[in-house]
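Have a look at the structure below before the remarks.
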Amino acid sequence: MKHNAHRIAVATLLASALGMPALAQQAAPADHAAHHPSTAAAAADMAEGEVRRVDKAGSKITLKHGEIKTLDMPPMTMVFGVADKAMLDKVRQGDKVRFHAANEGGKFIVTEIQAAAQ
């Protein structure tokens, strides 16, 4: 009896150990997709807004924006940090823009910004 119980325990451990990499491999593409959406999905996920202020010294931008669906955020005016300070050279106060924003450790960051189609 002890021998069978030992075999069952070893088989269970092996099955668990062999199953873990498979689960990790399955989770990786979904996580990767969340951070690197396809071009079509990326365009659909962009929020629209108007630049209210550009603070190059502080690496911040104030946007009056519509709903940001990816963050479950209603329309408002707020200050965002920027992922790349060079983005601030592309916009000026009053510009209509489309942008991606992310919540990184409790701070809202604009990760991409472009002029809105007129």
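Some observations on this one:
- Within the full protein context, the accessible area of T62 is estimated at about 20 Å² for a probe radius of 1.4 Å.
- Taking a sphere under 13 Å around the Cβ of G94 and counting the other residues whose Cβ falls inside, with K and R at +1 and D and E at -1, yields a net charge of +3.
- Under the combined filter of DSSP loop state and at most 15 neighbouring Cβ atoms within 10 Å, the range 42-118 retains these trypsin sites (Lys or Arg not before Pro): K56, R92.
The values are calculated or read from the model by the stated rules, or taken from the named source; none is laboratory data. Predicted model only: the values in this text are computed from it and were never measured. Quick reminder, even Gly has a Cβ in these numbers, built from the backbone with ideal geometry, and neighbours come from all protein chains shown. Just so you know, the surface numbers come from the protein's heavy atoms only, side chains and all, with ligands and any DNA or RNA stripped out. Shrake-Rupley method; radii C 1.70, N 1.55, O 1.52, S 1.80 Å.
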